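Student: Below is the structure I would like to discuss, written out as structure tokens.
The values are calculated or read from the model by the stated rules, or taken from the named source; none is laboratory data. This structure is a prediction, so every number in the text was calculated from the model and none was measured. Here the Cβ positions follow ideal geometry from the backbone for every residue, glycine too, while neighbour counts run over all protein chains shown. These area figures cover heavy atoms from the full protein model, side chains too; ligands, DNA and RNA do not enter into them. Shrake-Rupley method; radii C 1.70, N 1.55, O 1.52, S 1.80 Å.
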Amino acid sequence: MPAVPSLDTSRRTVLRAAGAGAVLLASAGCKSAVDENTNPAGGGSSGTPKRGGTLQIGSMVDFTPALLFTQNSFSVLSRLVFNTLTAYDRNLVPQPQLAKSWQVAPDGTSVTFQLRENVRFHSGRPFTSEDVVFAINNLKEAKRSAQLRATAAVVSDFTVTSPTELTLRLAHPVSNLFDLFEFMIITDRETVEEAVTGKKLIGTGPFVFKTWTPGASLSFSRNPEYFVPERPYFDGVEVRIFPQAESLLSALRSKQIQLASGLSGRDIAPIKSDNQFAIQEFDTGGGATYVGVNVSVPPLQDKRIRQAISYAINRRRIVEQAFGGYGFASSAPWPKSSPAYSEATAKRYPYDPARAKALLAEAGATSLDLPLGFLSTAPAVGQMVQFDLEQIGIKTTLEPMEPAQFQTRLIGQTLPALWTGQHGFAQVHPSTLAVSAYPFNEAKNSSKFSDPGYTEIVQRAWRQVDPNGPVAKAAYQDLSEVLLDQQFVIDLVVLANLHATTSNLQGVAQNEFSALDLDNAYLA
């Protein structure tokens with residue numbers, strides 16, 4: 001195995017070194033819970049793994065088959081049934097998964113993969129190079145609504161040398177190429193249309209999809225032919241849907257489930273000091289909460305009004321009251337692990353109602369009365385934003401939306417004047433946020449915002465061979481500045497990524513896109 005490059009080695013060198021022949025377990029690149037668990041008895045990977053049993057999971061949102069190829073709020077399924085080509089470690093260095101090694105060209109315009117042999121889909125069909133070709137082309141289709149579609153579209157040609165070797169050729173280098181491979185699930189090309197209706201989900205992953213009862217439950221059984229030896233430990237997984245946080249927490253406290261997905265820091269406060277449970281905080285982060293602004297609604301095309309809204313919101317209060325103190329207040333989207341993060345940008349918009357009122361007066365904005373959409377599963381943030389805006393003279397009417405409805409409107413650019421939501425994609429390479437996330441996408445975003453200067457900066461950050469080089473870092477800083485100036489997305493809180501579990505559940509991990517990895521999970 002090649003030596004691990006130092007952290008200040010350029011990413012281009014890291015990619016070549018990581019692909020020089022290392023072969024690791026499929027979950028090697030995934031992130032386990034951080035060491036500082038609220039209750040140290042749970043969430044780690046200590047002890048002797050025990051085989052067998054069925055893991056019971058509770059989720060606040062249901063599976064939406066049409067969103068299978070997007071990152072969405074149902075993060076439980078994708079890594080149970082499917083695998084990806086590569087998986088990042090905590091330093092965003094890709095590690096082998098279905099690809100066992102790779103070589104990136106010095107100019108960043110091609111990458112050659114060596115794939116694992118003897119990997120089979122749950123149907124029994126062998127996994128081959130043609131499945132990689134299909135996976136990339138599938139993400140290029142507009143009907144899939146895949147956030148990394150733009151990156152997939154840069155792959156202009158394929159050379160399939162053998163069933164386990166292929167070369168991808170790119171129209172130009174991109175700094176987030178391996179973000180694509182972390183994101184892109186490998187599905188069975190013969191049944192993909194049945195997958196997006198929820199009838200068949202066939203992958204190569206540790207669990208086989210069995211049943212889905214909409215609004216109620218999903219079930220999975222152990223894949224006996226999984227390519228990782230002796231994994232997974234569980235015989236099966238059952239996922240139950242609990243639309244309300246109270247009922248989900250109650251199911252955990254009564255031990256009906258062993259893992260609760262979707263609870264906020266405030267929700268888990270009652271079990272925080274109970275040693276029967278563990279609060280797992282993942283180092284991938286949990287995205288960010290934000291206020292989105294539809295700039296096509298007058299007078300929100302004036303950035304001074306958007307900036308006024310940003311100054312008006314008490315971010316620290318939202319952290320404490322809506323999220324139980326987990327996460328941190330930030331005007332910028334970046335977690336502290338991001339190369340784009342800086343304390344100065346995080347603190348650019350302090351809570352300053354007087355300045356907010358002055359900006360509104362300067363813009364001539366009076367008697368504003370705007371709709372404010374919010375996720376029905378997270379009403380607290382919407383209510384707090386409504387209160388803060390009222391203090392500066394902006395009246396809002398709350399409009400609740402179910403998660404599936406919200407996602408559809410987010411993609412379709414049909415959200416109201418203002419809305420609160422959560423976004424991801426800031427946890428990987430900064431260019432991915434601006435070419436992939438629906439709220440930020442420079443080509444088509446949920447706010448209907450368009451600006452040549454924004455496009456130029458995004459493209460400059462994206463078209464880099466070395467994502468850690470000085471030109472890329474300068475572009476990331478420029479990206480932060482234009483987002484903070486334009487405020488069509490008003491970031492509020494960089495969220496913690498939390499799961500509440502029973503204290504005997506061990507070995508749970510996630511990838512960078514919060515997909516649950518249970519390869520090494522077991523009940524102690």
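Student: Which of the listed residues, Ala363, Phe387, Ser342, is farthest toward the dipole's positive end in the range 328-478, when Lys, Arg count +1 and Asp, Glu count -1 at the beta-carbon?
Tutor: Value computed over the given set: Ser342.
Student: Something else: Where in the range 286-330 does the label zone of Asp369 land, with the point 7 angstrom along Cα→C-beta and an amide N cut-off under 18 Å?
Tutor: It comes to 297-300, nothing else.
Student: How many Å² of accessible area per residue for the chain, probe 1.4 Å?
Tutor: Values: 19310 Å² over 524 residues.
Counting only protein heavy atoms, the per-residue value for the chain is 37 Å².
Student: Can you tell me the 0 to 90 degree angle between the C-alpha axis of helix 129-140 and the longest principal axis of the chain, rounded to 10?
Tutor: That works out to roughly 10 degrees.
Student: Now, a different point. Please give the helix 353-363 orientation as an angle from the longest Cα principal axis of the chain, in degrees from 0 to 90, rounded to the nearest 10.
Tutor: With rounding to tens, the tilt is 70 degrees.
Student: Over 26 Å between Cα atoms, which of Lys140/Lys199; Lys50/Lys200; Lys143/Lys448; Lys272/Lys347 qualify? Before the final figure, lay out the partial values.
Tutor: Working: Lys140/Lys199 23 Å; Lys50/Lys200 30 Å; Lys143/Lys448 20 Å; Lys272/Lys347 29 Å.
Among Lys140/Lys199; Lys50/Lys200; Lys143/Lys448; Lys272/Lys347, the Cα-Cα distance tops 26 Å for Lys50/Lys200; Lys272/Lys347.
Student: Excluding same-chain residues fewer than 8 positions from Lys357, which lysines have a Cα within less than 17 Å of its Cα?
Tutor: Answer for Lys357, where 17 Å is the Cα cut-off: Lys303, Lys395, listed by chain and number.
Student: Just to confirm the number: angle between the C-alpha axis of helix 403-412 and the first principal axis of the chain, 0 to 90 degrees, nearest 10?
Tutor: Orientation of helix 403-412: about 80 degrees from the principal axis.
Student: Here is a follow-up. Counting Lys and Arg as +1 and Asp and Glu as -1, what is the net charge of the other residues whose Cβ lies under 12 Å from the Cβ of Thr420?
Tutor: Once all neighbours under 12 Å are counted, the net charge is -3.
Student: Let me ask something additional. At a 1.4 Å probe, what is the % contribution of carbon and sulfur to the accessible area of the chain?
Tutor: Values: 9640 of 19310 Å².
Exposed carbon and sulfur together represent 50 percent of the surface.
Student: Could you check the simple spin-label distance between Asn91 and Arg266, using points 7 Å along Cα→Cβ, in nm with one decimal?
Tutor: Inter-label distance under the simple model: 3.9 nm.
Student: Right, something else. Nearest 500 deg cm²/dmol is fine: what mean residue ellipticity at 222 nm does the chain get from its DSSP H runs of n ≥ 4 alone, each adding -39,500 (n - 2.57), divided by its residue count?
Tutor: Calculated at 222 nm, the ellipticity per residue is -7500 deg cm²/dmol.
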